[in-house]
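Asker: For reference, the structure I am asking about is given below.
The values are calculated or read from the model by the stated rules, or taken from the named source; none is laboratory data. Given the structure is predicted, the values throughout are model-derived calculations rather than measurements. Positions of Cβ are generated from backbone atoms using ideal geometry, with glycine treated the same way; all protein chains shown enter the neighbour counts. Quick note on the areas: whole protein, heavy atoms, side chains included, nothing else; ligands and nucleic acids left out. Shrake-Rupley method; radii C 1.70, N 1.55, O 1.52, S 1.80 Å.
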Amino acid sequence: MAAMVAALRRPVAHFRSRTRAWTRGTRCAADAAGAGQQSFDLLVIGGGSGGLACAKEAGQQSFDLLVIGGGSGGLACAKEAAQLGRKVAVADYVEPSPQGTRWGLGGTCVNVGCIPKKLMHQAALLGDMIKDADHYGWEVAQPIQHNWKKMAEAVQNHVKSLNWGHRVQLQDRKVKYFNIKASFVNEHTVCGVDKGGKATLLSADHIVIATGGRPRYPTQIKGALEYGITSDDIFWLKESPGKTLVVGASYVALECAGFLTGIGLDTTVMMRSIPLRGFDQQMSSLVTDHMESHGTRFLKGCVPSLIKKLPTGQLQVTWKDQASGKEDTGTFDTVLWAIGRVPETRNLNLEKAGVNVNPENQKIVVDAQEATSVPHIFAIGDVAEGRPELTPTAIKAGKLLAQRLFGKSSTLMDYSNVPTTVFTPLEYGCVGLSEEEAVALHGQEHVEVYHAYYKPLEFTVTGRDASQCYIKMVCLREAPQLVLGLHFLGPNAGEVTQGFALGIKCGASYAQVMQTVGIHPTCSEEVVKLHISKRSGLEPTVTGC
């Protein structure tokens, strides 16, 4: 017999649908929710087909597809599978941040990432536009004041509307939503615990892990966890963060520092090494140069060692300059950690299902099909090893996975030439290879870089500084000079880059880009006018209207 089943207190016919079950050696994480003796209508000992069948009969719910994680990728996969006529469930649970911040369905992007970030970036841009308005004839009362509370409330209300929208979409597509913290019992079954400690068993033919990641805390630094916040908190603050120290040089760090400076807050960025690791370093330097020249302070080559709360409520930060070895201190109202992210895999009990992770970063190892070491368990988005940590790639990967599983498709996700934009005050959009990557891959002698500085027309009347507005196109030197990468620094970089990404995805050459007619007068047209090669040694001219 595959499993030994002990029925307690009642005949099987009267078992409630809320029956809890355990497989050998595994107590669902729910047992931590309370202490003392626990009683059950049914106890299953053993994870064989007989025991699982019995558990299912007693109330375990089964699905064609179970998605663990209610972020962009997971929701896209679930909704696509449901539209293909499958029985689908989503299990999602947000563990509050160390500071107690919590949010609803939709994942990082909706709640504490792309959406609130872009809206607060827009708030900062509007501040600059108001300053420009006088040059265009608008008489704006001075001084201009920004109201954090009003902005935060508007942004948070929009995010909550998106939370509700996702709930409605799941309901409309008959996707069963469970607000539970799920962990594996075996390769086909998970046990989820809700906030009240109630356990639910779910089984599925296919399981997709789309749990994403959370910000990393430098727990080795005293005071970091107690007094610091992360991107999980900044967008949900009721009051202004005030004078802020942003620790890190990731795109999250620079984007947050950018909009904080833009709305008038005293902001400092502490960088251990290089900015925007993984991006083109010439472009990255221009990004930080622009930020520095527009009010953001930078502490370069420094690492924090202690955070102490003062009687005033402010935070005293001690740091060390790595070059000189000198220690220094500063006082801030808020310390925001933006030093990377960690995948949400540690509490999934992946070993119970036989799912392999990279021991160095705890990300799930996947193949081109998004499959893990267990053929019917998949991982998409930030939690998967070697995948871009970007919302659109997770969404597309999720949809394509559902179509392969249930729609007779064989199309794989193509992770090459994925465009993205860093929403710093002067936006940086890119697609394809950086100059460093192109040289490493093809050799310096086989790479040609065309570049130019330019001045947006909008900057002319106001006399705005355009010294960091820059474009470069990285190409193969040999004909037909295939475009390997495009890098654009300037206004509306995301909109510009998205358009050119299609051409690069289709294998555009430098000649084809040059044959393209620009739209006048725009920043985009400067891309199709690039004619000076770095190799020539000529200084790029400043183009524009």
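Asker: Return the pair list, or none, for Cβ contacts closer than 9 Å from residues in the stretch 329-356 that are free of Cβ contacts under 8 Å to residues at least 60 places away in the same chain and assigned to a loop (DSSP other than H, G, I, E, B) to residues that are of a type outside the set (Lys, Arg) and surrounded by fewer than 19 Cβ atoms within 10 Å (Cβ to Cβ), at least 6 apart or on different chains.
Answerer: Pairs that qualify, where the first residue is free of Cβ contacts under 8 Å to residues at least 60 places away in the same chain and assigned to a loop (DSSP other than H, G, I, E, B) and the partner is of a type outside the set (Lys, Arg) and surrounded by fewer than 19 Cβ atoms within 10 Å (Cβ to Cβ), are 346/362; 356/365; 356/373; 356/374.
Asker: If the requirement is being among the β-branched types (Val, Ile, Thr) and either closer than 15 Å to residue 71 by Cβ or open to solvent by 20 Å² or more (accessible area, probe 1.4 Å) (or both), which of these qualifies: 230, 189, 211? So that I can check it myself, show each step before the final result.
Answerer: Details: 230 fails: either closer than 15 Å to residue 71 by Cβ or open to solvent by 20 Å² or more (accessible area, probe 1.4 Å) (or both); 189 fails: either closer than 15 Å to residue 71 by Cβ or open to solvent by 20 Å² or more (accessible area, probe 1.4 Å) (or both).
The conditions single out 211.
Asker: Something else about it: Looking at 525, 478, 445, 436, which one is without any contact (Cβ under 8 Å) to a residue 60 or more places away in the chain, closer than 28 Å to residue 293 by Cβ and not aromatic (Phe, Trp, Tyr)?
Answerer: Values: 478 fails: closer than 28 Å to residue 293 by Cβ; 445 fails: closer than 28 Å to residue 293 by Cβ; 436 fails: without any contact (Cβ under 8 Å) to a residue 60 or more places away in the chain.
The unique qualifying residue is 525.
Asker: Check the stretch 163-177 and report whether any residue there is of a type in the set (Ser, Thr, Tyr) and over 26 Å from residue 422 (Cα atoms).
Answerer: yes
Asker: Starting from residues that are among the hydrophobic types (A, V, I, L, M, F, W, C) and open to solvent by less than 60 Å² (accessible area, probe 1.4 Å), keep the ones in the stretch 521-540 and report whichever is farthest from residue 451 (Cα to Cα). Can you show your working first?
Answerer: Here is the first cut: in the stretch 521-540, the ones among the hydrophobic types (A, V, I, L, M, F, W, C) are 523, 527-528, 530, 532, 538.
Subsequent filtering for residues that are open to solvent by less than 60 Å² (accessible area, probe 1.4 Å) retains 523, 527-528, 530, 532.
Working: 523: 14, 527: 9, 528: 11, 530: 6, 532: 6 Å.
Taking the candidates together, the pick is 523.
Asker: What tally of residues in the stretch 135-169 results from selecting those that are in contact with a helix residue (DSSP H, G or I) (Cβ under 7 Å, 6 or more places away or on another chain) and either farther than 24 Å from residue 232 by Cα or at pLDDT below 95 (or both)?
Answerer: 5
Asker: Suppose we filter the stretch 503-520 for residues that are under 19 Å from residue 428 (Cβ atoms) and open to solvent by 90 Å² or more (accessible area, probe 1.4 Å); how many remain?
Answerer: Going through the stretch 503-520 one residue at a time, the tally reaches 0.
Asker: Next up: Collect the residues in the stretch 141-168 that are over 26 Å from residue 427 (Cα atoms) and part of a loop (DSSP other than H, G, I, E, B), keeping them in residue-number order.
Answerer: If the condition is that a residue be over 26 Å from residue 427 (Cα atoms) and part of a loop (DSSP other than H, G, I, E, B), then 141, 142, 143 are the ones that fit.
Asker: Could you give every pair whose Cβ atoms fall below 8 Å, whose first residue belongs to the stretch 79-100 and is touching a residue at least 12 places away in the same chain (Cβ under 8 Å) and closer than 24 Å to residue 230 by Cβ, and whose second residue is surrounded by 17 or more Cβ atoms within 10 Å (Cβ to Cβ) and among the acidic types (Asp, Glu), counting only separations of at least 6 or pairs across chains?
Answerer: As it stands, the answer is 97/232; 97/233; 99/232; 99/233, since those pairs meet every condition given.
Asker: Oh, and also: Take the residues of the stretch 340-363 that are touching a Ser or Thr at 6+ places or on another chain (Cβ under 7 Å) and within 24 Å of residue 227 (Cβ to Cβ): which is least open to solvent (accessible area, probe 1.4 Å)?
Answerer: 340
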